[in-house]
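**Q** My questions will all concern the structure given below.
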Amino acid sequence: MNEKLSIEGIHLAPPNPGNITQLIIATFPLFVVFVYLLYDASTRSDQPIYNIEGDDDEEIINAWNSTPALIPLFDMMIVFMVFEGIFMLFLSYLVVFIPRRHRLMRSYLEKGESCLGDVKFENENKSNNKCLNRCRRRRKVYGEVVYPYRTTTSSDNDTEQQSNQVEIRKRVRLYQPYSRERTTILYIQHRPLSGQPKADVVIDILASENAQHQIQQMVWFSVVWLVFLLLGPLYLLYQMKELNPNLQDYENYELSKDLYIFVGILIIPFGSMIGMCLRWALYRHWIVNRGRRMNSNEDNNKSRNNNAEDSNKNKDNNYGEDVTLPSVFISELIGQKHSGEVSPKNNDMSSSKRSVISAEDLAAVTNDYSRMA
């Protein structure tokens, strides 16, 4: 199943999706606990407290003292419904989230558009602990894609169209944990913020296709667990109904029955499906609509304004730096300094020629010019 696919000269191997055997081994101790709870419920009729005849207080006290510590049947049913909710969420993830995510990734290859961009890997600081590094490699890896996107805007009279290019920056999940330059980026049509690296999309699709058989096995495994977790409370309700009427306050049959119908049969299944649909909507919004637009024209204008402000600051009388002045004015002042004469003629400040002098010459010329003034 570990096939390889070559794209742009790179051999891509999909991640190992795991197998159903690991899930069975992980949940077997839980199954043993539930079997023990059902066995404990089946022996309630043998306990003295459940075989009281009459309403004699002394007989009830003696029965309580001779009965070992027992787990209430109502508490057992709560445990069954809690794990029913967990397995129902897992099943809804398998049948709702994974197929829709696979179709979304497929749409990138079938209907998506492509461009060239960069991938910046978010490298984590490695530790000397080998176990910690191994756990980090098993976690999801993220990075940032940077790619251009050209937009077209029409003028007021709808006769001219202006094309602008924006830069898109987006955080994505990566299967290749390293940075790349000028690699293929795929995005959905009319969704400029949906960019994904093509190589990582192909790895994702290949892993999903290879895991289809395992996913089907997990679906049936979850269904079997849900049937068991729904039938278990029915047996507990039967045991509650067969109890002595004096113990109805301790094991409330009516409350347990209502809780099983409304929570176990209605709220947990439908709530899990609705919650997983909301989870998918948030995930799809992150994949398709989350990102940053950076207009290249605005960035260039902003950099020009910053450069203009810096040049204006450098024109102050700061003698610790070299300053640019008109060459005619400088040459005339320097010539007057050496000849001992000062003449205000030919001080043409509108000359376009400029030269750069050092801070010492500028200070000397400026001092002579201030004394002259």
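The values are calculated or read from the model by the stated rules, or taken from the named source; none is laboratory data. Just so we're clear, the structure is a prediction, and the values are computed from it rather than from any experiment. Neighbour counts are summed over all protein chains in view; Cβ atoms, including those assigned to glycine, are modelled from backbone coordinates with ideal geometry.
Condition check ((1) more than 30 Å from residue 291 (Cα to Cα); (2) surrounded by fewer than 17 Cβ atoms within 10 Å (Cβ to Cβ)) across all residues:
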| residue | (1), (2) |
| --- | --- |
| 201 | no, no |
| 218 | yes, no |
| 226 | yes, no |
| 229 | yes, no |
| 252 | yes, yes |
| 261 | yes, yes |
| 269 | yes, no |
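Residue-wise test of (1) closer than 20 Å to residue 72 by Cβ; (2) not β-branched (Val, Ile, Thr).
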residue	(1), (2)
211	no, yes
226	no, yes
263	yes, no
267	no, no
272	no, yes
285	no, yes
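**Q** What's the number of the only condition in (1) in a helix (DSSP H, G or I); (2) touching a Gly at 6+ places or on another chain (Cβ under 7 Å) that residue 234 fails to meet?
**A** Looking at each condition in turn, residue 234 falls short on (2).
**Q** Please state which one of 284, 292 is of a type in the set (Lys, Arg) and at pLDDT below 90.
**A** 292
**Q** Scanning region 189-211 for residues that are part of a loop (DSSP other than H, G, I, E, B) and more than 19 Å from the chain's Cα centre (by Cα), which turns out farthest from residue 151 (Cα to Cα)?
**A** 211
**Q** OK, next. Return the only residue of 50, 93, 36 being over 18 Å from residue 260 (Cβ atoms), at pLDDT below 85 and aromatic (Phe, Trp, Tyr).
**A** Exactly one of 50, 93, 36 is over 18 Å from residue 260 (Cβ atoms), at pLDDT below 85 and aromatic (Phe, Trp, Tyr), namely 50.
**Q** When the residues of region 134-172 are narrowed to those that are of a type in the set (Lys, Arg) and either modelled with pLDDT under 60 or within 22 Å of residue 116 (Cα to Cα) (or both), which ends up farthest from the chain's Cα centre (by Cα)?
**A** Among those residues, the one meeting the criterion is 150.
**Q** Got a number for residues in region 115-125 being modelled with pLDDT under 90 and in a strand (DSSP E or B)?
**A** So the answer is 1.
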